[in-house]
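As structure tokens, the structure follows; a few thoughts come after it.
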Amino acid sequence: MTPRPSADPAIGGRIRARRLTRGWSIRFAASRAGISHATWSRIERGLQAADNRFTLAGIAEALECSPGDLANAPVPAADREVLAAVAGADAVRRALIDIDLSEPAEGVAPPLDDLERTADLAESLLHACDYAAVTRLLPGLLRDLHVETAGPDAGRALRLLCGATSTASSVLRNLGLLADAWLAGERCREAADSCGDPVLQGYAAYTRASAATVAGSYQRGLTLAERAADELQRHLAKPGAAEVLGCLQLVCALASQCGRRLDESRAWSDEAAVLARRTGETSTKGLFFGPTNVDLWRISIEVGQGDPGRAVEIARRTTPAALPVGIRQVYYYADTARALAALRDRDREAIRLLLNAERIAPQHVHRSAGVAETVRTLLERSRRQAGGGELRGLSSRMQAV
């Protein structure tokens, strides 16, 4: 029987686009759907229909999307990048498993100067929330740095590896891959311990505590950060120590808030604020510790379990553009939108801030569980005059991922 051509040839293109973002062959994708690779190929080329509900449902399940995503609209470019980032995270995970410092590395790596430039690029892409680009760079970078830790400049290679694994932990955490983020934090700790540098060890503790806290292990995150902060107090004369200490205090504040100890949380953020007034705005180790960043953390803490009105007050006096990095600005807009949504009479402004966040960092927003929760809250009570159309558009773009 001759296959019936698709009534909507664009379906095949949507299927192909989603398959390619995951880096899958036709044969592999078809095996997940339980159809032959020849059938899948004909569907992609529009030579065979996939618009009956059983075939389309099987293909959608294989591609981890909804049938409506394939039948009704193409995948937006930003969403393709999110899917590519999640697919690329698999290679980052494998690299993190492989770079065990207790095992010898194999191969020949590029010069350390080249690797340092790549590490700087990965960090800058993280700050711009281009997670797809970061996950493309990291696997090779991590493996090459592992090779160089056995070379003549092992100390420099270990310092670069500490930074690269922290970058990996951050991007994996922001993609919602929390166990992988913890693994990256462990590799960061191993590199810092091999260096024996107390500032790097504090930096690695910040990475691990952040991963633990976001994963829901609040007491573990607090213990890691508090212990490292106490240790770093003895080394404040070292370059970068004050900035790392301030970030550790902020993680303590967040972990305390998540553990429903709001007074303790505010005390930690007050300590960080005192320190930030001494350091001023900084860019040390890509942490951007300073008065503005402390206020951004305070907004998140207040909206989480505290006072959303107070979060909005802090936001009013904060200029996010003082931090020239998208990853911090997007938190400002998203968290302030959460606070406004909690006040229940500021929906239009909340939607505007969410759209600002999406404009700055679509990959981050489309993958954010916190943003998704805020959008759902606003949708439940949206009215046309409050920007319901724009909100439904954002919700649709997030669901496409």
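The values are calculated or read from the model by the stated rules, or taken from the named source; none is laboratory data. Being a predicted model, the structure only gives us computed values, none of them experimental. Glycine also receives a Cβ, built like all others from the backbone with ideal geometry; neighbour counts cover every protein chain displayed. Please note that ligands, DNA and RNA were not included when accessible areas were found on the heavy atoms of the full protein model with its side chains. Shrake-Rupley method; radii C 1.70, N 1.55, O 1.52, S 1.80 Å.
Numbers below:
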{"item": "Answer label, with log10 I(q)/I(0) by the Debye sum over Cα atoms at q = 0.07, 0.11 Å⁻¹ calculated from the coordinates and candidates (i) -0.37, -0.97; (ii) -0.53, -0.95; (iii) -0.37, -0.86", "result": "(iii)"}
{"item": "Most to least accessible of ASP335, ASP100 (protein chains only, probe 1.4 Å)", "result": "ASP100, ASP335"}
{"item": "Relative contact order of the chain, defined on C-alpha pairs under 8 angstrom at six or more residues apart (%)", "result": "12 percent"}
{"item": "Residue with peak Gaussian network fluctuation, the chain [Cα springs, cutoff 10 Å], from GLY221, GLY140, GLY46", "result": "GLY46"}
{"item": "Accessible carbon and sulfur surface of the chain relative to its total accessible area, %, 1.4 Å", "result": "49 percent"}
{"item": "Heavy atoms of LEU56 accessible to a 1.4 Å probe, total area in Å² rounded to 10", "result": "10 Å²"}
{"item": "Most to least accessible of ILE35, ILE99 (protein chains only, probe 1.4 Å)", "result": "ILE35, ILE99"}
{"item": "Solvent-accessible surface (1.4 angstrom probe) belonging to ARG16, in square angstrom, nearest 10", "result": "120 Å²"}
{"item": "DSSP-loop GluC sites (Glu not before Pro) across the stretch 92-174, with at most 14 other Cβ within 10 angstrom", "result": "GLU106"}
{"item": "Cut-off 16 Å (backbone N to label point 7 Å along Cα→Cβ of LEU236), residues of the stretch 266-300", "result": "268-280, 290"}
{"item": "Solvent-accessible heavy-atom area per residue, rounded to whole Å², over the stretch 82-215 at 1.4 Å", "result": "37 Å²"}
{"item": "Alpha-carbon gyration tensor eigenvalues x 5, square-rooted, for the stretch 124-264, Å", "result": "25, 20, 11"}
{"item": "GLN219/ALA179 FRET efficiency (R0 25 Å; Cβ-Cβ; nearest 0.05)", "result": "0.90"}
